[in-house]
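One structure is given below, encoded as C-alpha cells.
The values are calculated or read from the model by the stated rules, or taken from the named source; none is laboratory data. It should be emphasised that the depicted structure is a prediction, and the values quoted were computed from it without experimental measurement. Backbone-built Cβ (ideal geometry, glycine too); neighbour counts: all protein chains shown. Surface accessibility is based on the protein's heavy atoms, side chains included, excluding ligands, DNA and RNA. Shrake-Rupley method; radii C 1.70, N 1.55, O 1.52, S 1.80 Å.
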Amino acid sequence: MSQAMTSLASFWIVWGTLNLIALALLILTLLAILAFALIGGAAFDSFRSSFSMG
C-alpha cells in the first residue's frame, strides 16, 4: 500500500511539474507575442505617420 502511495505521489509531482512548465511556456509565448505585437504596432504607426500624405 505504501509503495502505491509513493508511486502515486511521485506521479503527481512529475505531472504537476510538467503542467507548471507547460503553463510557464504558454505565458512566455503569450508575452512574446504581445511584446512583438506592441513593438510591431508602434513601428508600423511611426512608419505610417512618416509616410502619410498630409
Q.
Run the simple label-point estimate for A4 and S52 please: 7 Å along Cα→C-beta, distance reported in nm.
A. 7.2
Q: Mind pulling the angle between the C-alpha long axis of helix 2-50 and the longest principal axis of the chain? Nearest 10 degrees, somewhere in 0 to 90.
A: 0
Q.
If you count only protein heavy atoms and use a 1.4 Å probe, how large is the accessible surface of L34, to the nearest 10 Å²?
A. 100
Q: Please report, as a whole percent, how much of the solvent-accessible surface of the chain comes from carbon and sulfur atoms (probe radius 1.4 Å).
A: 82
Q. Per 5 Å bin, what percent of the C-alpha pairs of the chain does each bin hold, from zero upward?
A. 4, 17, 10, 11, 8, 9, 7, 7, 6, 5, 5, 3, 3, 2, 1, 0
Q.
How much accessible area per residue does region 5-54 have, counting only protein heavy atoms and a probe of 1.4 Å, in square angstrom?
A. 90
